[in-house]
Structures are given as structure tokens and as C-alpha cells.
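Beneath this line is the structure, given in C-alpha cells, with notes to follow.
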Amino acid sequence: MKLTALNSIHHQLGAKMVPFAGYEMPVSYKGVNEEHETVRKKLGVFDVSHMGEFFVEGKEALELIQKVTTNDASVLNDGQAQYTCMPNATGGIVDDLIIYKFHSEKFMMVVNASNIEKDWNWINAHNSFDAQLTNSSDEYSLLAIQGPKAVEAMQSISPLDLSAIKFYHFEVGEFAGAQDVIISATGYTGSGGFEIYFKNKDADQIWTAVLRAGKEFGIQPIGLAARDTLRLEMGMCLYGNDIDETTSPIEAKLGWITKFNKDFINADALKKEKEVGTKRKLVVFEVLDKGIPRQGYDLLNADGDKIGHVTSGTMSPSLKKAIGMGYVKTDYAKFGTELFIQIRKKLVKAIIVKPPFYKA
């Protein structure tokens, strides 16, 4: 397994470490519920250095990005980021990712850890443009500092005005004494904050400074388990659970990042799918009875017929109720529709709701 630059620190802190996407990662420190509430009410710091960073540079860098992703990156200004996905040739999703635009000839693609090699090969296979690709995933560390106190707490260790970084924008500058740090505000928790990308050599220095600056605000290190409950409360997709090579962006309600004013891989098929409609849709639901939905559980209608399956589920620490996501036949995808989850031999009632579950 690969180790992040902060691996030894996680061990020293007594984190529960698990294999994840080829890395040894901290899944929890003090427990998922406490860590979850820390992010919702104060601030927490996640080591998410397992994520991948590809730089795309050159005269036709934008053309390559436009070809392999569904969103329209041509609308980006310098210092702006964009959520998007890469479609495969058969209607599914290679990966979902975030594009960062530095200037017209330099972009960064931030991809999921489990897909780094696959994504790298996929993008290179479609690079018939004057664009140079660099895989910097092993050189960069990434911390997500999330929570309502994040900006206030971290302002003391950066000369940049962190409060001025708008949602889905970024700056490059000094942070905790390190130079050329990328500071963005894309979020994955719904509680505010930002992400910092920096070279591995600066990892110990930045981690120490972040914890010191956040101490009076109640900062805690947060593991991947709480990251999952936080994103699920926001109704955000997790690659490998809610989207994958077999799910289309239209089914996954990612039509808002699928723009047909440009040519991209499999655009014609996805455009037809959007016009005709899909046989199934991704929905989010609250559980009305006792029981926690888990990935792979069947979803049934009132007659006991299978209409879909659960892709993600948990007991929401903020709402104190079970929540989940899953695919159902389109006829059952309307808000307010009641359905049933097959949990062992028991049928547990749930209702489809409009995301997000959690509203600050």
C-alpha cells in the first residue's frame, strides 16, 4: 500500500488505519459521530492526499479537457474550478473530478484516488492535441479544512484573504510558511472551509501549523468515515458507490454538468438519453422505520416488486435518522414516493426527498 506524507502522524495520533484506494488511510480518530459533529459545528482537518492531481498544459490544454469531460470548461475564468465527469464510450462514467484553471494554457485535474491509473491512461489515450500531461499525484499532499470556523481559524497562517475565496474558486500563495500552495473552496461536507494542495516536503510543517492555528477553535483531525457521512448528508455522489462505469451522468442526475454545446466522448448517445429519458434514476431517501440502508440492499415498491437498489446509506449524525441513495425505476423517482428497503427479512419504509438532507 502507498502511504501519504502524513502517515506516521496519523499513527502517532492513534488513528484507526485501513486500506483505501491503494493507500493506508485514517478512517477515524475519536469516532465517526464526534468527528462529524466537529466539522458541522467547529472545524476539522482531513488528510485526503490520496487524491490524484494531473496538470494539463499547452496551447490545446482546454481542447483536451473539453474532449474528455462533460462540463463546459471554456466558461472558466483564471482562478476558477469546476465539477465535471469523464464519460466512457458506453454510457458510463470513467470518473468524476474537479478542473482548476490557472490560465489559458495550464489546468489541474483532481481525480479520485482509486481511479488515478485508469484516468491517467484514459486521458492520455485521447490526447491527440498539443497538450502536455503531468501526473503529480505522488508529489502533492492535500488537506481539506472543513467547518464553519475554518476560514477564521486559518487566516492567521496565510497572508491571503481566505474569506475572499469564493465557492469553486482558488488562489495560489503562501500558507503556513510554505510557498505556491493552492487554496481552493470546493467543499465536500456542506459546512464551508477550503482545501490546500502542497508539495509533500511541506506536509509536516503545514499539518503542525494547521492544528496549532485551529486549537482555540476546537479543531480535530477527521477520518474518511466522517467524510462519507458528511457528503451523504449533502446528497453528493461517491465514485464506486453512486456512480461508476455502468451509470450514466443523466441517470445520476448529473445532467447539470453535461453540456451539449461542445463535442465530447459519447456526447451523441448521452444527448439522446437526455432527450428520450432513462429507465432508472438516482434518488435520495429518508428512512421512516427502524433500519439502516446499506450498499446493495434491494429497493421495493408497495407490492414487493424490486424497483432498484441502495448505493449508499448511513445513520445521519446530524439528523439522527437513517438516510440513503440509490437507483430506482424512473416511474418511482418522484419526490414524496414511498418505497421499501429489504433489510434481511424485514421491509423498512422510506420516502424519496429532495437533497440535501442537511441544511446549515
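Data overview
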| read-out | value |
| --- | --- |
| Residue that is surrounded by the fewest Cβ atoms within 10 Å (Cβ to Cβ), among those in region 151-168 that are among the aliphatic types (A, V, I, L, M) and over 22 Å from Lys199 (Cβ atoms) | Ala164 |
| Qualifying residue in region 4-15 (condition: β-branched (Val, Ile, Thr) and either crowded, with 17+ Cβ neighbours inside 10 Å or at pLDDT below 95 (or both)) | yes |
| Subset of region 286-305 that is in a loop (DSSP other than H, G, I, E, B) and touching a residue at least 60 places away in the same chain (Cβ under 8 Å) - its residue that is nearest to the chain's Cα centre (by Cα) | Leu288 |
| Phe285 modelled with pLDDT of 95 or more and either out of contact with any Gly (no Cβ under 6 Å at 6 or more places or on another chain) or farther than 30 Å from Thr38 by Cα (or both) | no |
| Some residue of region 256-278 being among the charged types (D, E, K, R), closer than 30 Å to Thr38 by Cβ and not assigned by TED's automatic domain parsing to the domain that holds Val75 | no |
| Those residues of region 106-152 which are in contact with a strand residue (DSSP E or B) (Cβ under 8 Å, 6 or more places away or on another chain), closer than 20 Å to Val45 by Cα and in a helix (DSSP H, G or I), in sequence order | Ala113, Ala150, Val151 |
| Options Asn127, Asn200; residue that is of a type outside the set (Ser, Thr, Tyr), in contact with a helix residue (DSSP H, G or I) (Cβ under 6 Å, 6 or more places away or on another chain) and on the phi < 0 side of the Ramachandran plot | Asn127 |
| From the options Val18, Val32, Val39, residue that is surrounded by fewer than 19 Cβ atoms within 10 Å (Cβ to Cβ) and within 20 Å of the chain's Cα centre (by Cα) | Val18 |
| Of the criteria (1) of a type in the set (Ser, Thr, Tyr); (2) in the same structural domain as Glu34 (by TED's automatic domain parsing); (3) part of a loop (DSSP other than H, G, I, E, B); (4) surrounded by fewer than 19 Cβ atoms within 10 Å (Cβ to Cβ), which one Thr208 fails | (3) |
| Meets criteria (among the β-branched types (Val, Ile, Thr), in contact with a Gly (Cβ under 9 Å, 6 or more places away or on another chain) and either assigned to a strand (DSSP E or B) or surrounded by fewer than 21 Cβ atoms within 10 Å (Cβ to Cβ) (or both)) for Ile196 | no |
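Every residue, every condition in (1) out of contact with any Ser or Thr (no Cβ under 9 Å at 6 or more places or on another chain); (2) within 13 Å of Gly44 (Cα to Cα), yes or no:
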residue: Tyr168; (1), (2): no, no
residue: Val172; (1), (2): yes, no
residue: Gln179; (1), (2): yes, no
residue: Thr186; (1), (2): yes, no
residue: Val210; (1), (2): yes, yes
residue: Ala213; (1), (2): no, yes
residue: Ile222; (1), (2): no, yes
residue: Arg227; (1), (2): no, yes
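The values are calculated or read from the model by the stated rules, or taken from the named source; none is laboratory data. Owing to the predicted nature of the structure, the values given are computational and were not obtained by experimental measurement. In this analysis, Cβ positions are derived from the backbone assuming ideal geometry, glycine residues included, and neighbour counts consider all displayed protein chains.
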